[in-house]
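Working notes for the structure below.
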Amino acid sequence: MTVRTERLPYGVGRLTGGWYVLIGVLLAFVVLGLYAYSRQLAVGEAVTGMRDIGTMGGATWGLYVAFVVYFVGVSFAGITVAALIRLMNLEFLKPIARMAEVLTVIALILGAFSILADVGRPLRAILNLFRYARPQSPFFGTFTLVISGYLFASLVYLYLDGRRDAALLARIPGKLQGFYRAWAAGYRDTPAERERHERASFWLAIAILPLLVTAHSTLGFVFGIQVGRPGWFSALQAPGFVLLAGVSGVGLLIVIAAILRKVLNVPDQLSPQVFRWLANFLMVLTVAYLYFVIVELLTTTYAAHYHEVEVSRALLVGEYAWLYWASLAFLVVPFLVLFAQFITQRYNIPLIVLSGMLVNLAAIGKRYLIVVPSQTHGTLLPYGTGAYAPTWVEYSIVLGLFALGALLFVLFVKLFPIMEVPETLVSEGAAQQVIEGG
Amino acid sequence: MRTTLTLLLIVVGFGLQVVSYFFLAAPWGIPSSPAYSNPRVPFAPTIFILGVVLVFLAAVVYELLPERGQ
């Protein structure tokens with residue numbers, strides 16, 4: 001019998017010319033990032049724009065840390081959406097559950113790589129974290145809860161959620177059959193197994209949601225509890241991190257869902273109702289974050305001490321003003337667009353996607369503005385104003401990380417169904433093969 | 001058996017987290033000596049992570065372990 005894998009649903013196992021080109025381009029960017037990183041390892045962090053605060057008038061945390069926060073923020077969407085679908089029984093959102101879970105896993109991996117890019121001696125940093133991390137430090141939480149716990153929990157969720165589809169695909173002969181059989185691990189989709197999965201997923205969702213809030217808050221505490229750093233020390237940092245994480249994650253999920261809708265030609269599964277829900281969720285998160293921005297702005301400009309005002313001035317009218325106002329505009333405009341759609345109840349998918357893209361640009365800008373200006377303009381010691389400009393090495397590594405993330409996503413899409421597979425689809429495909437194969 | 005093992009993993013996992021966080025890692029309190037900087041047991045953070053991993057691994061055990069008699 002001829003073995004044909006192209007009958008797998010959603011284009012799994014089938015690579016056309018366009019996919020090869022895409023993978024080639026992404027690989028090229030990954031190689032560029034690796035080359036830049038090799039320069040950084042060989043020469044040291046002198047090849048980056050990062051310098052000591054104060055004495056060298058620079059910033060020790062730059063683009064890498066901004067993207068650590070961004071990537072971890074993006075990971076918010078996956079498990080949140082997956083958990084909400086499970087807990088609130090949002091059946092119509094099921095098609096985006098797996099892509100959201102994959103987004104979470106990949107974003108957390110990229111976040112971990114960004115941390116490694118930031119430290120001068122990565123192997124030593126990893127070993128020392130495992131040996132010496134102190135529970136009192138928010139870095140402990142970032143390391144244990146965000147990177148380890150959250151990533152592991154997401155992998156477990158993704159694995160268990162995929163067993164049913166793996167079992168279905170394992171019925172179809174092909175090169176990937178063994179892989180699906182291993183993933184399914186004996187799953188046969190009996191009523192008892194289904195019930196057990198429902199129960200396990202429910203409790204996983206219950207366990208993951210507080211972990212998610214704790215993890216994102218912990219990352220906010222890394223900045224928020226530094227009393228000696230004007231611009232960072234704020235009770236709003238932790239909840240602000242959670243909210244902006246939601247904004248960027250849901251925004252990116254919208255963009256990915258729209259791309260897959262087009263590429264896989266699945267307008268029925270990824271229906272306008274899915275985008276409507278995501279748009280409303282994004283709108284609520286965006287307006288909540290905008291409220292935080294306004295509160296922060298009023299607090300720091302009304303009667304703050306001198307150093308706090310210095311940071312605010314750099315943000316509002318100084319060298320970071322263009323980025324600050326652009327980021328704010330990229331939050332306000334999507335909110336207005338989404339709000340107008342909500343009021344009129346006339347939703348436009350391209351506009352929702354545009355909003356998702358804009359809020360992500362805003363999130364990157366805001367992460368940069370949280371990390372850098374407080375170091376260059378927020379020192380309490382009598383040093384002059386500092387400056388920080390990323391070099392090509394930093395840009396290349398970040399670009400390489402984005403390419404790696406996209407590459408991992410593309411490979412997953414080609415290895416495993418990115419959406420839940422209807423049983424009829426597989427049965428028809430398998431039957432077709434048997435007939436064709438004789 | 002399956003439920004027992006699952007619950008055991010959850011309890012042990014949380015136990016490891018609590019013990020490593022409060023009793024094995026660097027002591028809580030005002031850091032008045034170098035003893036506050038180092039963990040009381042080497043790799044205490046690793047034990048905490050192991051605890052987190054065990055708690056979530058319980059879900060895998062619960063789903064993968066077959067029913068008695070199967």
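Listing for the model above:
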{"read-out": "Share of carbon and sulfur in the accessible heavy-atom surface of chain A [1.4 Å probe, %]", "value": "68"}
{"read-out": "Shielding of B:53-66 by partner chains, average beta-carbon count, 10 Å", "value": "6"}
{"read-out": "Whichever lysines have a C-alpha closer than 20 Å to that of A:Lys175, once near sequence neighbours (fewer than 8 apart) are set aside", "value": "A:Lys414"}
{"read-out": "Selection from A:Ile349, A:Leu323, A:Trp19, by position along the positive dipole direction of the range A:2-435 (Cβ)", "value": "A:Trp19"}
{"read-out": "Neighbourhood charge, 15 Å Cβ-Cβ cut-off, centred on A:Gly57 and excluding it, Lys, Arg +1 and Asp, Glu -1", "value": "-2"}
{"read-out": "Ordering of A:179-188, A:349-358 by packing [mean C-beta count within 10 Å, highest first]", "value": "A:349-358, A:179-188"}
{"read-out": "Options A:Phe402, A:Tyr157, A:Val247, ranked by Cα towards positive dipole end of chain A, top entry (Cβ charges)", "value": "A:Tyr157"}
{"read-out": "Peptides ranked, highest mean first, by Cβ atoms within 10 Å: ranges A:78-88, A:398-408, A:20-30", "value": "A:78-88, A:398-408, A:20-30"}
{"read-out": "Karplus-derived HN-Hα couplings along the range A:359-366 (A = 6.51, B = -1.76, C = 1.60, θ = phi - 60°), whole Hz, x at Gly and Pro", "value": "5, 6, 4, 4, 5, 4, x, 5"}
{"read-out": "Rounded FRET efficiency, nearest 0.05, which uses the C-beta distance separating A:Asp268 from A:Thr299 and R0 of 60 Å", "value": "0.80"}
{"read-out": "Using alpha-carbon coordinates, inclination of helix A:122-132 to the longest axis of chain A, degrees", "value": "90"}
{"read-out": "Those GluC sites (Glu not before Pro) in the range A:283-374 that DSSP places in a loop and that have at most 16 other beta carbons within 10 Å", "value": "A:Glu319"}
{"read-out": "Cα gyration tensor shape of the range A:301-409, rounded if a/c is under 1.5, else prolate or oblate by comparing a/b with b/c", "value": "oblate"}
{"read-out": "With Cα atoms, 0 to 90° folded angle of helix A:321-344 axis to chain A main axis", "value": "40"}
{"read-out": "Per residue value of the accessible surface for the range A:2-435 (all protein chains in place, 1.4 Å probe), Å²", "value": "42"}
{"read-out": "Point-charge dipole on Cβ atoms (K/R +1, D/E -1) for chain A, about Cα centre, debye to 20", "value": "600"}
{"read-out": "Loop sites in the range A:311-366: trypsin sites (Lys or Arg not before Pro), DSSP, at most 13 other Cβ within 10 Å", "value": "A:Arg346"}
{"read-out": "Acute angle (nearest 10 degrees) that the helix A:63-88 long axis makes with the longest principal axis of chain A, alpha-carbon atoms", "value": "40"}
{"read-out": "Chains B and A, summed buried accessible surface - 1.4 Å probe, Å², nearest 100", "value": "2500"}
{"read-out": "For chain A, calculated [θ]222 nm from helices alone, where every DSSP H run of n ≥ 4 adds -39500 (n - 2.57)", "value": "-24500 deg cm²/dmol"}
{"read-out": "For the range A:251-330, diffusion coefficient by Stokes-Einstein and Kirkwood Rh (Cα), 10 °C, 1.306 mPa s, µm²/s", "value": "103"}
{"read-out": "For residues of A:149-156, the mean tally of beta carbons on other chains within 10 Å", "value": "4"}
{"read-out": "Per residue convex hull volume, Cα atoms of chain A, in Å³", "value": "155"}
{"read-out": "Difference of contour (0.36 nm per residue) and Cα-Cα distance, A:Leu408 to A:Leu155", "value": "89.7 nm"}
{"read-out": "Counted charge near B:Thr6, where neighbours are those whose Cβ lies closer than 11 Å (Asp, Glu -1; Lys, Arg +1)", "value": "+2"}
{"read-out": "Efficiency of FRET between B:Met1 and B:Ser33 - r from beta-carbon atoms, R0 60 angstrom, step 0.05", "value": "0.80"}
{"read-out": "Contour excess over end-to-end distance, with Cα ends at A:Phe233 and A:Tyr35 and 0.36 nm allotted per residue", "value": "67.6 nm"}
{"read-out": "Cut-off under 5 Å, modelled amide H: who pairs with B:Ala26 long-range", "value": "B:Arg40"}
{"read-out": "Surrounding net charge for A:Tyr324, when Lys and Arg each add one and Asp and Glu each subtract one, Cβ distance under 15 Å", "value": "0"}
{"read-out": "Calculated FRET value between A:Val21 and A:Gln177, using beta carbons and R₀ = 25 Å, to 0.05", "value": "0.35"}
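The values are calculated or read from the model by the stated rules, or taken from the named source; none is laboratory data. Fair warning: this is a prediction, and the values are worked out from it, not measured in the lab. Note that we place each Cβ from the backbone using ideal geometry, even for glycine, and neighbour counts take in every protein chain shown. Only protein heavy atoms, including side chains, enter the accessible area calculation; ligands, DNA and RNA are left aside. Shrake-Rupley method; radii C 1.70, N 1.55, O 1.52, S 1.80 Å.
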